[in-house]
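Some notes on the structure that comes next.
The values are calculated or read from the model by the stated rules, or taken from the named source; none is laboratory data. Small disclaimer: the values here were computed from a predicted structure and weren't measured. Side chains are part of the model used for accessible areas, which takes the heavy atoms of the whole protein and leaves out ligands, DNA and RNA. Shrake-Rupley method; radii C 1.70, N 1.55, O 1.52, S 1.80 Å.
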Amino acid sequence: MDEKERTIQILGQKLAQAEINHAYTAALLEAALEREKALQEKLKDLEAKPAE
């Protein structure tokens with residue numbers, strides 16, 4: 001394998017890893033947004049309860 005082919009192979013691997021990282025980060029963000037929404041709803045419910 002010559003230098004150009006090796007460089008292309010390495011760049012392809014780096015691109016694949018970057019795509020995996022992007023998908024993972026997007027999934028983490030989505031989960032965090034869902035968790036934030038659930039916590040906001042819980043806080044709203046708690047604030048709506050009369051003080052005991």
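Some points to look at:
- In the condition set (1) open to solvent by less than 100 Å² (accessible area, probe 1.4 Å); (2) of a type in the set (D, E, K, R); (3) under 16 Å from the mean Cα position of the chain (by Cα), E34 is compliant with all but (1).
- Test: residue in region 17-28 that is under 19 Å from the mean Cα position of the chain (by Cα) and of a type in the set (S, T, Y): yes
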